[in-house]
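The values are calculated or read from the model by the stated rules, or taken from the named source; none is laboratory data. As the structure is a computational prediction, the values presented were derived from the model and not from experiment. Cβ: placed from backbone, ideal geometry, glycine included. Neighbour counts: every protein chain shown.
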Amino acid sequence: MKKPLLLLFSILFLVLIVFFGFRQYNRSLSPAANAEYHEGNLNVVVQYGRPAKKGRFIFGREQDNALLPYGKVWRTGANEATIIELKEDVMFAGKEVKAGKYSLWTVPGPGSWKVILNSQTGQWGTEYNDGKDLFKSDVQIRVRPHVQQIFTIYFDKIPNGTNMILSWDQIEAIIPIQPR
């Protein structure tokens, strides 16, 4: 009786080690991150996954095998859909937005990007529902002099607000956010 019970516990222990090891390995490929901006009456929190370049061709034409082809909706990060929480009503990419939580999507392009705020949250990053879009707005991009190996979202203070910068490879998309 002791041998079968010992064997069962050994197998269960091994399965748990493999499960948690695999889970940790998967998370480390694109770790979760937060970007926050708090100044005056402008408070923004972004939760996103940070994919790495890993020698891949990131932005470009679909026929050139770009990871993120021009004109295609991107989850703006990795893993779950990127979530942005606006603590107050703001002007986001030139559009009025009420305080709340939204998923953030983008459509890369060669000269500008489209930024999309979507009312659906909590979904996996490939489950985009355009019927829940609040709006789409064009934003400027700029070319970085150096390659950004890991996707990063950060904030750059500007007069009367901030620019939320989406930075990966040699491209930075610039999303202006101002209090209303």
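Data overview
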| quantity | calculated |
| --- | --- |
| Residue in the range 67-76 that is at pLDDT 95 or above, touching a Pro at 6+ places or on another chain (Cβ under 6 Å) and of a type in the set (Ser, Thr, Tyr) present | yes |
| Test: Thr126 is exposed (fewer than 15 other Cβ atoms within 10 Å of the Cβ) and either under 13 Å from the mean Cα position of the chain (by Cα) or over 26 Å from Ser30 (Cα atoms) (or both) | yes |
| Residue list for the range 74-91, filter: closer than 30 Å to Arg61 by Cα and assigned to a loop (DSSP other than H, G, I, E, B) | Arg75, Thr76, Gly77, Ala78, Asn79, Ala81 |
| Subset of the range 47-69 that is out of contact with any strand residue (DSSP E or B) (no Cβ under 7 Å at 6 or more places or on another chain) and part of a loop (DSSP other than H, G, I, E, B) - its residue that is surrounded by the fewest Cβ atoms within 10 Å (Cβ to Cβ) | Gly55 |
| All positions within the range 92-147 that are in contact (Cβ under 8 Å) with a residue 60 or more places away in the chain, under 15 Å from Thr76 (Cβ atoms) and assigned to a strand (DSSP E or B) | Phe92, Thr106, Trp113, Val115 |
| Residue satisfying all of: in the range 33-46; over 17 Å from Thr76 (Cα atoms) and in contact (Cβ under 8 Å) with a residue 12 or more places away in the chain; surrounded by the fewest Cβ atoms within 10 Å (Cβ to Cβ) among these | Gly40 |
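Quick grid of which residues meet (1) among the β-branched types (Val, Ile, Thr); (2) over 27 Å from Arg61 (Cβ atoms); (3) outside the structural domain of Lys53 (by TED's automatic domain parsing); (4) under 16 Å from the mean Cα position of the chain (by Cα):
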residue	(1), (2), (3), (4)
Lys95	no, yes, no, no
Lys98	no, yes, no, no
Gly109	no, no, no, no
Leu117	no, no, no, yes
Val143	yes, no, no, no
Gln149	no, no, no, yes
Tyr154	no, yes, no, yes
Gln170	no, no, no, no
Ile175	yes, no, no, yes
